[in-house]
Ligand code: DGY
């Protein structure tokens, strides 16, 4: 008996019905819960009901206000966990982002199999474009490497991934975490990943060869809110003591699909235009006090420079302060442009190896 939850936004319904059809037709799935950011219209409920296949019931609800930060994806995820833990009778809870164009029964199968084999959590991973996952690669993984160099957190393939499956026990453990419970925004995935490892749940990382075809970005500005909330999420758990042992396994990977190799995830020229503009006065004062964050040529943002900047962000960044948010965005965007113009032209494998090497370097801290 499995509950599948799709957190979704009302401005992003392109593949909504398809996702419901895939999940509700799976033999293990008894209930599908679509948790939106607004109260659902009748037409949306009708579309969801139409899409339902198999024996699963399908429900569309508005996310509850549970966390303490900006009401965003975290509240949708928390709504799913709360309903499962407090009201549901299912044994397992799966989450999938609602915008996965390549969602198939296989996503559910690989996770169910890992839980059958004894995992507490099955966390999906898949190949991503060399210019995609740029918060993961430049903030979450190296940030975790600086905060907990001995822990397994920096090695988690997709710490920001929204696709995972939990046993009832794992869901209860995560629901009991104050860090998880307050995180109503984009920081939810970071905090869930840290908490599942801190509480010694057995986390199996399960590979999905088809990958996650999803919407990409116009410029990096599309990721600005996610970026600042993910920095804040790391800051919020930085004090936690993480062990060095990890329970669980990681699936072997298969080859990288050509479509992923060819994908360019954002428009570099548009992004360059955003960071070439003069800094607002409040941000200027801030970078003068924190020189690692000073604007610089894109070519200057190598691993060492970015490690120094990220360390400073982890220590001083303030979510909701426009001067800090502007400085964080510009430094990160410059770092992503460095990767895009220096590493990516070397080819997919070398670009990804450079990202891995930067995470390893962050374990040793800025020079
Ligand atoms: C990430 O960095 O993983 C986010 O999904 C944005 O691409």
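If residue 130 passes every condition in (1) within 11 Å of the ligand (Cβ to nearest atom); (2) assigned to a loop (DSSP other than H, G, I, E, B); (3) touching a residue at least 40 places away in the same chain (Cβ under 8 Å); (4) in contact with a helix residue (DSSP H, G or I) (Cβ under 7 Å, 6 or more places away or on another chain) but one, which one does it miss?
The single condition residue 130 does not satisfy is (1).
Output the number of the condition that residue 232 fails; it satisfies all remaining conditions of (1) assigned to a helix (DSSP H, G or I); (2) touching a residue at least 60 places away in the same chain (Cβ under 8 Å); (3) away from the ligand (no atom under 13 Å from the Cβ); (4) in contact with a helix residue (DSSP H, G or I) (Cβ under 7 Å, 6 or more places away or on another chain).
(4)
Here is a check on your reading of the model: is residue 200 within 16 Å of the ligand (Cβ to nearest atom), under 17 Å from residue 164 (Cβ atoms) and surrounded by fewer than 21 Cβ atoms within 10 Å (Cβ to Cβ)?
Answer is no for this residue.
Among (1) modelled with pLDDT of 95 or more; (2) within 16 Å of the ligand (Cβ to nearest atom), there is one condition residue 83 misses while meeting the rest; what is its number?
With respect to (1) modelled with pLDDT of 95 or more; (2) within 16 Å of the ligand (Cβ to nearest atom), residue 83 is out only on (2).
Yes or no: residue 125 touching a residue at least 40 places away in the same chain (Cβ under 8 Å), within 16 Å of the ligand (Cβ to nearest atom) and surrounded by fewer than 22 Cβ atoms within 10 Å (Cβ to Cβ)?
So residue 125 passes the test.
In the range 5-112, which strands (runs of 3 or more DSSP E) lie fully inside it and hold 2 or more residues that are free of Cβ contacts under 8 Å to residues at least 40 places away in the same chain?
Fully inside the range 5-112 and qualifying: 57-62.
Which residue, of 337, 270, 319, is in contact (Cβ under 8 Å) with a residue 12 or more places away in the chain, surrounded by 15 or more Cβ atoms within 10 Å (Cβ to Cβ) and not in a loop (DSSP other than H, G, I, E, B)?
Answer to the selection: 337.
Could you list all residues from the range 156-169 that are out of contact with any strand residue (DSSP E or B) (no Cβ under 8 Å at 6 or more places or on another chain) and within 16 Å of the ligand (Cβ to nearest atom)?
Listed by number, the residues that qualify are 159, 160.
The values are calculated or read from the model by the stated rules, or taken from the named source; none is laboratory data. It should be emphasised that the depicted structure is a prediction, and the values quoted were computed from it without experimental measurement. Cβ atoms come from the backbone with ideal geometry, glycine included; neighbour counts cover every protein chain shown.
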